[in-house]
Structure formats: structure tokens, C-alpha cells
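> Just passing along the structure, written as C-alpha cells.
Here, each number is a calculation from the coordinates, and none is a lab measurement. Treat the numbers as computed from the prediction; the structure is a model and nothing was measured. Positions of Cβ are backbone-derived with ideal geometry, glycine not excepted, and every protein chain shown enters the neighbour counts.
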Amino acid sequence: MRVSKRRSAIFVSAAALLVTAVGATTGATASAQGGPPAGEEDGELKFGYVLPETGQLAYLGPPQIESMKFAIQTINDAGGVLGEPVPDAVASDEAGQEAIAAQSAERVLASGVDAIVGAAASAMSLAFIDRVTGAGVVQCSASNTAPTFTDYDDGGYYFRTAPSDLLQGPVLADVIREDGHDRVALVGRADDYGRGLVQSTKEALEDQGVAVTLADTYDPEATNFDQVVQRVRDASPDAVGVIAFEEGTQILQGMIEAGLGPDQIGVYGADGLRSEELATLVAPDNPERLSGMKGTAPASAANEQYVNDLKKFAPDLTELQFAPQSFDCVTTIALAAEQAKSDNPENLVKEMIGITKDGEKCNTFAACKELIADGRDIDYDGVSGPLDFTDKGEPGRATIEVYTYDNQGQLQTIRTEVSTAEE
């Protein structure tokens, strides 16, 4: 399979922003009671979300939540869905803990929603996907990238607008190979995300004749990562790929101290380490020590018009990671309801895949809604890029960013590219 690219868990300022941006509404909406049972048709399309307001991935909360709110406003500005305005989403926290995420999903389901956006982390989604999809409610994640979900038995109710790591891994491998490296060590979290991206990157590197001298996973809850750094050093690589979240800062610090920094060998990350703050977290007194590190991630800022509009809607938003994909979750579900002429998930899921390909191109809810009203088939291209859902309910194409840290430790985009899975 030839293919086309996720981010970190540490950034205190993003977590603080989330508390101020959504804390007030969360308490009110998470306790919502009443309404029809989840998934029943009542003519009103209702969303909920289970996204990180606290915990390791709290930095992913603000962009996804604010973009979801922005999508709902955009839909309502265009007349709503089925002639009715879409109400505010019912909110709940995934908190970085499977048990809490599952409890949060139960509370959102109890409010009678038709669709849930979330979770942010693949492991959190796995904690409640059976409950949500088993209840006949749509689940759409903007940031689950683990390959696990491709063939998951979800009854056709789970979708994601983030590309599988099977699409990102080959692009990361291409970047490493383009830089001339031929002995590569890969280390990643011992979870679905880390294992999946390490494996897909390894396979793509080996397909290009690159020797993978280490492909290993580690416990992300460990108190220190000296053994990870030592294993990398023992592998004698000329490049290292680190598939991590917040613990990646410690690994990178250890690598730099061991003479394995970006000024000595190639250092690469993925979406879990893509952050404006990474360099100052790794080396507060000398952020330029991260200069030259590169990585890949699903593109978050490729659509300038969307980015500008979102910043007007949420001017305090500083992080954009997975914001476009969150917008596309909401918009795709809303368009599927329009196409199905029903807010019943059983009906709208039948339209989710078809509206993203093979029809007349449109890239806004208003334009697509008008085409549907005229009886025409649509192909919604999202703000994250073309979706082209496969029959597994995930993007068959992905817009991937290749990023780097410049000589001052500032995050910069090198390029974006669209990658397509080939049968």
C-alpha cells in the first residue's frame, strides 16, 4: 500500500486555555438530562463530545471543541439541519483515563444525542466505542489514528476524519529517507498509537531499503526513560523516530544529553510531538538545541480561509491540531442527515461514506446542502482536505504536513502533501 500524516500531551498553556474557554459550559451541559433516548429520530440533530478537558491530552481539547462549536454555528447560519437549528453540543471530559472516558460517554448518551465526537486518544475511544456504537449512535473522532479502528466491528457507526497511521507512517519514512539516512531507530509508546505508527513507519522504511536497527515500544507511564535512550544509543542509528506524547520531552532531553540530538543525528517526530512549545519544553534555556528536528502530522493549517475564520470565532485559540478534522466530523454528519432526510443515526450512517466522494464537489455546508436539495450527489471536501471515505469510514486520502524546528526552535511547516491509499 502506497500512502500519505498526530501530536503532544504536555502543554500547560493549552490546558489552561481549555479551562477558561470551555470550563463554564462543561458543567452545565455534561449534566444535561432528559430528551429522547440516544439515536431516536425527533427532527433535531444533536451532538455531544467526549474530549480532553483535563489529563495528558488536554492540549487537544481547545482546538477540537472550539472548531466543533464553530461548525455548529456555520451550520445554523445556513439554516440548520432538516429545517431545525443544531443545539449546543453536550460536553464531557475524556480526562486521559479509560474509566472516566467511559463514564463520560454514558452521560452524553443519556442526554439523547445522535452523534458523539471523540475521543481524542485512540485508547480513550476504545474504552467506549462498543457502548456508543452498540447504542446505535454515531461516533466520529477527529484524532484517532491507530490502525486498530480500520477493521473494528462497530456496526458501521464509527467514523474518523483523521487519517490512519497506515497513511502517516510511509510519509514519515519518506522524509527520513529523503534526508539520506539508512540506519534508523524507532521508539514509540506501548499503546495502539505508538505500536501502529512504529510498525507502519518500519515497514515503509524497509520497503525503501533502509535498515531499521531498532523498533521498540516503552511504557509511557514510566518515571524515567533512560533505558529507552540507551537502547537507541546501542542501536547505532544515524536517525531516530520518536512516537510520543508529553513523555517525549524527557526522551528528547535524554537523547540530547547522550549526544543523540538533532545536531548529531536525524531526529524525527509525529503528531504527538508537534507543538509550538516543544523546543522550550525540551531545552528551556536553549530552545535552538531542537533545531533541525522534523516530523509529520495531519495538516492543521493548510486551509487558510478556515484558519482565519476559526481564529475570528475563537480569538484566544493558540493550538490548531486536529481542529479541521473536528469541523469535518460535525459537517459530514450534518450533511449525511440532510442526505438521509433524517436525524436517526440508523439512516444517516448509510450516507456518511457516499457524500465524501464520487459526486459534485462542494466544500461548505451551505453549498453542499443546496446541491442535496436539488437532488444532486455531492462530494464534500472538508476543511482538512479531501476525505474520500473508504468503506471502513475513514479517509482514503490525507493532507499531511511535514514540519521542522528552525535555528531558533520555532515550529515551521516545510510542506503539505496529499497522500492516497492504493489498493
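> If packing is taken as the mean number of other Cβ atoms within 10 Å per residue, what is the order of 407-418, 209-220, 101-112, highest first?
Numbers: 407-418: 13.8, 209-220: 16.9, 101-112: 22.2.
With the highest mean Cβ count within 10 Å placed first, the list reads 101-112, 209-220, 407-418.
> Quick check on the chain: helices-only [θ] at 222 nm, where DSSP H runs of length 4 and up contribute -39,500 (n - 2.57) each and the sum goes over total residues. Nearest 500, please.
After summing the helix terms and dividing by the residues of the chain, the value is -12000 deg cm²/dmol.
> So how much slack lies between Lys311 and Ala78, counting 0.36 nm per residue of separation and subtracting their Cα-Cα distance, in nm?
Gain in length upon complete extension: 81.9 nm.
> Quick one: compute the contact order of segment 339-423, relative version, from alpha carbon pairs under 8 angstrom and 6+ residues apart, as a percent.
20
> With charges only on Cβ, +1 for K and R and -1 for D and E, what is the dipole size of the chain about its Cα centre, in debye, rounded to 20?
Around 440 debye, computed over the chain.
> To continue, here is another question. Which one of Phe245, Val117, Ala279 has its Cα pushed farthest toward the positive end of the charge dipole of the chain, where Lys and Arg give +1 and Asp and Glu give -1 at the Cβ?
Sorting the options by dipole projection puts first Ala279.
> I want the local charge near Gly134. Using Cβ-Cβ distances under 11 Å, sum +1 for each Lys or Arg and -1 for each Asp or Glu among the other residues.
-2
> Assign unit charges at the C-beta atoms only (+1 for Lys and Arg, -1 for Asp and Glu), then state the dipole size of segment 93-221 relative to its Cα centre in Debye, rounded to the nearest 20.
180
> Assign one of three labels to the chain, namely rounded, prolate or oblate, based on the Cα gyration tensor with a ≥ b ≥ c the square roots of its eigenvalues; rounded applies when a/c is under 1.5, prolate when it is not and a/b is larger than b/c, and oblate otherwise.
Note, shape of the chain comes out prolate.
> To continue, here is another question. Residues with amide H under 5 Å of Ala215's amide H, sequence separation 5 or more or different chain, H placed in the peptide plane at 1.01 Å from N; which?
Leu186
> So if each residue of separation counts as 0.36 nm, and I subtract the Cα-Cα distance between Ala373 and Asp226, what length gain in nm does that give?
Roughly 46.9 nm would be gained on extension.
> Quick one: which of 308-318, 396-406 comes out on top by average Cβ neighbours within 10 Å, and what's the full order, highest first?
Put in order of decreasing packing, that is 396-406, 308-318.
> Here's another thing I want to ask about it. Which order results if Asp358, Asp191 are arranged by neighbouring Cβ count within 10 Å, fewest first?
Exposure proxy ranking, most exposed first: Asp358, Asp191.
> If you don't mind, another one. Using the Karplus equation 6.51 cos²θ - 1.76 cosθ + 1.60 (θ = phi - 60°), what ³J(HN,Hα) coupling, rounded to whole Hz, does each residue of segment 286-291 give in order, writing x for Gly and Pro?
Result, rounded to whole Hz: 8, x, 5, 5, 8, 4.
> Which cross-chain or sequence-distant (5 or more) residues have an amide H under 5 Å from the amide H of Asp182, H modelled 1.01 Å from N in plane?
Under 5 Å from the amide H of Asp182 lie the amide H atoms of Asp238, each far enough along the sequence or on another chain.
> Now for a separate question. Could you tell me the center-to-center distance, by alpha carbons, between segment 320-373 and segment 112-179 in angstrom?
What the calculation gives is 18 Å, centre to centre.
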